[in-house]
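Participant: Quick one: the structure is below, questions incoming.
The values are calculated or read from the model by the stated rules, or taken from the named source; none is laboratory data. Predicted, not measured: the structure shown is a model, and the values here were computed from it. As a convention, Cβ positions derive from the backbone with ideal geometry for all residues, glycine included, and neighbour counts pool all protein chains shown.
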Amino acid sequence: MRMSPRLTRFALTVHVVASVGWLGAVLVFFGLSVVVTATPDVQTIRGIYIAMGAGVWPILIPLAFASLITGLVQALGTRWGLFKHYWVVFKLFINVFANIVLLMYARTITFLAGMAEEISISSADLEVLRGPSVLIHSSGALALLLAATALSVYKPRGVTRYGWRKQQSQLASSGP
Amino acid sequence: MTLQPPPRTPIWVKIFAVIAVVILVVFLAMVLSDNGKHGPGRHMPHGVGPILSN
């Protein structure tokens with residue numbers, strides 16, 4: 001079902017806001033994770049994990065889901081379709097994969113934030129908090145979302161077999 | 001009306017597909033190596049259980 005031009009513009013605006021918001025939130029997490037792995041200050045590490053724990057469920061996950069849902073609406077409600085163009089298929093793959101990993105890793109962030117909130121913290125726990133896990137995940141997410149952004153902007157050419165068949169049937173039906 | 005042959009797959013699609021497959025394989029290998037329990041426990045030292053604090 002095609003959306004009206006006005007509704008398409010509104011849906012696109014919501015999709016861009018959600019996706020850019022998600023990218024911005026991931027950038028913040030990436031910056032914080034760089035500080036976590038670099039700083040020797042224990043209080044800073046604890047504060048950062050508590051902040052990340054507070055932000056992951058109410059900010060990061062809603063933005064990620066909103067980006068996925070509005071992207072689906074945008075694809076299905078416009079001429080682009082979901083499986084007609086390769087760039088849309090890859091964006092869908094990136095979005096779904098990033099959402100799955102985020103949902104799985106959110107539990108870890110919650111756990112680490114709880115660890116950072118404890119009054120006394122052992123050296124073993126501190127080693128875990130200083131570990132590269134959060135930096136690896138946030139930099140991976142950043143790379144995926146930047147790739148998705150580039151695909152959206154450049155829209156590289158390439159029609160799938162399904163998209164090609166659709167085009168051919170449209171050409172045949174609109175022929176003389 | 002003559003139907004055109006299907007277009008060739010662009011080179012960028014092949015590159016992206018290879019990267020996507022590599023990412024998926026690495027991800028599945030990590031999840032399966034943890035018996036499907038990729039979560040807090042993976043990031044803990046050995047012997048410490050994945051206790052969630054809510």
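Participant: For region A:118-135, how many residues are within 8 Å of chain B (Cβ to nearest Cβ) and either assigned to a loop (DSSP other than H, G, I, E, B) or touching a helix residue (DSSP H, G or I) at 6+ places or on another chain (Cβ under 9 Å) (or both)? Give the steps one after another, and end with the answer.
Facilitator: To start, the set of residues in region A:118-135 that are within 8 Å of chain B (Cβ to nearest Cβ) comprises A:124, A:127-128, A:131, A:133.
Narrowing further to those that are either assigned to a loop (DSSP other than H, G, I, E, B) or touching a helix residue (DSSP H, G or I) at 6+ places or on another chain (Cβ under 9 Å) (or both): A:128, A:131, A:133.
Total satisfying the criteria: 3.
Participant: Which of the residues that make up region A:83-100 are of a type in the set (Val, Ile, Thr) and buried (at least 16 other Cβ atoms within 10 Å of the Cβ)? Break it down into steps so the answer makes sense when it comes.
Facilitator: Pass one, region A:83-100, residues of a type in the set (Val, Ile, Thr): A:88-89, A:94, A:96, A:100.
Selection gives A:88, A:89, A:94.
Participant: Also, quick follow-up: Here are some residues: B:10, B:5. Which one is touching a Lys or Arg at 6+ places or on another chain (Cβ under 8 Å), under 30 Å from residue A:167 (Cβ atoms) and modelled with pLDDT of 60 or more? Talk me through it step by step, then tell me what you get.
Facilitator: Numbers: B:5 fails: touching a Lys or Arg at 6+ places or on another chain (Cβ under 8 Å).
Result of the check over B:10, B:5: B:10.
Participant: With the requirement that a residue be within 16 Å of residue A:40 (Cβ to Cβ) and exposed (fewer than 11 other Cβ atoms within 10 Å of the Cβ), what does region A:118-135 give you?
Facilitator: Listed by number, the residues that qualify are A:123, A:127.
Participant: If residue A:50 satisfies every condition in (1) surrounded by fewer than 19 Cβ atoms within 10 Å (Cβ to Cβ); (2) in contact (Cβ under 8 Å) with a residue 40 or more places away in the chain; (3) under 24 Å from residue B:31 (Cβ atoms) but one, which is the exception?
Facilitator: Failing condition for residue A:50: (3).
Participant: Here is a further query. Residue A:80 passes all but one of (1) part of a helix (DSSP H, G or I); (2) of a type outside the set (S, T, N, Q); (3) surrounded by fewer than 17 Cβ atoms within 10 Å (Cβ to Cβ); which number fails?
Facilitator: With (1) part of a helix (DSSP H, G or I); (2) of a type outside the set (S, T, N, Q); (3) surrounded by fewer than 17 Cβ atoms within 10 Å (Cβ to Cβ) applied to residue A:80, the lone miss is (1).
Participant: Next question, about the same structure. Could you check, for region B:34-41, whether at least one of its residues is within 8 Å of chain A (Cβ to nearest Cβ), modelled with pLDDT of 55 or more and surrounded by fewer than 14 Cβ atoms within 10 Å (Cβ to Cβ)?
Facilitator: The answer is no; no qualifying residue exists.
Participant: Still on this structure: How about region A:105-130: which of its residues are in contact (Cβ under 8 Å) with a residue 12 or more places away in the chain and closer than 19 Å to residue B:27 by Cα?
Facilitator: Residues of region A:105-130 in contact (Cβ under 8 Å) with a residue 12 or more places away in the chain: A:105-106, A:108-110, A:112-117, A:121, A:126, A:128-130.
Matches in region A:105-130: A:105, A:106, A:108, A:109.
Participant: A further question follows. For region A:91-98, check the following and say yes or no: at least one residue is of a type outside the set (Asp, Glu) and either in a loop (DSSP other than H, G, I, E, B) or at positive phi (or both).
Facilitator: Let us first name the residues in region A:91-98 that are of a type outside the set (Asp, Glu), namely A:91-98.
Filter once more, so that each one left must be either in a loop (DSSP other than H, G, I, E, B) or at positive phi (or both): none.
The answer is no, given that none of the residues of region A:91-98 is of a type outside the set (Asp, Glu) and either in a loop (DSSP other than H, G, I, E, B) or at positive phi (or both).
Participant: Sort out which residues of region A:136-172 are facing chain B (nearest Cβ under 9 Å), among the small types (Gly, Ala, Ser) and over 21 Å from residue B:5 (Cβ atoms), and write them in order of number.
Facilitator: Within region A:136-172, A:140, A:147 meet the criteria.
Participant: Further question: Can you name every residue in region A:157-173 that is surrounded by fewer than 16 Cβ atoms within 10 Å (Cβ to Cβ) and not in a helix (DSSP H, G or I)?
Facilitator: The answer is A:157, and nothing else.
Yes/no matrix, rows are residues, columns are (1) touching a residue at least 24 places away in the same chain (Cβ under 8 Å); (2) in a helix (DSSP H, G or I); (3) of a type outside the set (Lys, Arg); (4) surrounded by fewer than 17 Cβ atoms within 10 Å (Cβ to Cβ):
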position	(1), (2), (3), (4)
A:6	no, yes, no, yes
A:16	no, yes, yes, yes
A:22	yes, yes, yes, no
A:35	no, yes, yes, yes
A:44	no, yes, yes, yes
A:67	yes, yes, yes, no
A:70	yes, yes, yes, no
A:75	no, yes, yes, no
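Participant: Considering only region A:54-63, I want to know if a residue exists there that is crowded, with 16+ Cβ neighbours inside 10 Å, under 30 Å from residue A:4 (Cβ atoms) and in contact with a Phe, Trp or Tyr (Cβ under 9 Å, 6 or more places away or on another chain).
Facilitator: Here is the first cut: in region A:54-63, the ones crowded, with 16+ Cβ neighbours inside 10 Å are A:55-56, A:59-61, A:63.
Narrowing further to those that are under 30 Å from residue A:4 (Cβ atoms): A:63.
Applying the additional criterion that residues be in contact with a Phe, Trp or Tyr (Cβ under 9 Å, 6 or more places away or on another chain) yields A:63.
Yes.
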